[in-house]
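Single-structure report; data block below.
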Amino acid sequence: MSKTKINFTPWGILGVIVVLGLLWFYPKVNPKSKVANPTTKVTVTNEFSQPEQPFLAVTAEEKQAQQTFFLKIVNPIDQTTFKTNTITVSGKTVPLADVFVNEIDTKADASGNFRVSYSLELGDNYLIVGANDEFGNFKEYELMVYLAE
């Protein structure tokens with residue numbers, strides 16, 4: 001049996017010290033190797049959840065307005081054909097409601113009546129007539145009328 005002699009040179013010893021130093025020092029410096037503190041509070045949120053809305057009390061006046069809000073179109077009647085290019089869109093809603101016919105805005109009078117002159121184009125004319133009041137109540141109707149040649 002032969003004996004092998006191991007030579008410990010200064011470079012060999014220095015290499016062992018460097019490797020041991022790296023193994024000891026690297027986990028303390030590398031943030032990826034750190035384990036989260038078990039006392040850390042983690043909050044999980046759902047991106048689709050809605051924040052709680054505060055409860056808003058509805059006044060008796062608002063409740064009454066919701067129950068009585070209406071919009072009635074008197075003229076024109078849906079699917080009507082006209083021979084003149086200007087028609088009158090009229091109807092009734094709650095007093096002083098904001099009313100619109102396509103891009104034309106107006107306000108109902110104190111009795112709730114409204115009247116708007118509207119210019120038709122040849123062929124199909126799509127009308128959106130809507131109204132809303134001060135409480136946010138809203139109604140909308142869609143009509144199709146025609147202008148003949």
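The values are calculated or read from the model by the stated rules, or taken from the named source; none is laboratory data. Not measured: the values here are computed from a predicted model. Neighbour counts are summed over all protein chains in view; Cβ atoms, including those assigned to glycine, are modelled from backbone coordinates with ideal geometry.
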Some residue of segment 55-69 being β-branched (Val, Ile, Thr), under 36 Å from the mean Cα position of the chain (by Cα), at pLDDT 95 or above and surrounded by 10 or more Cβ atoms within 10 Å (Cβ to Cβ): no
Of all residues in segment 98-114 being under 28 Å from the mean Cα position of the chain (by Cα) and part of a loop (DSSP other than H, G, I, E, B), the one that is surrounded by the most Cβ atoms within 10 Å (Cβ to Cβ): Asn102
Residue within segment 82-97 that is exposed (fewer than 14 other Cβ atoms within 10 Å of the Cβ), in a strand (DSSP E or B) and either at pLDDT below 95 or not polar (S, T, N, Q) (or both) present: no
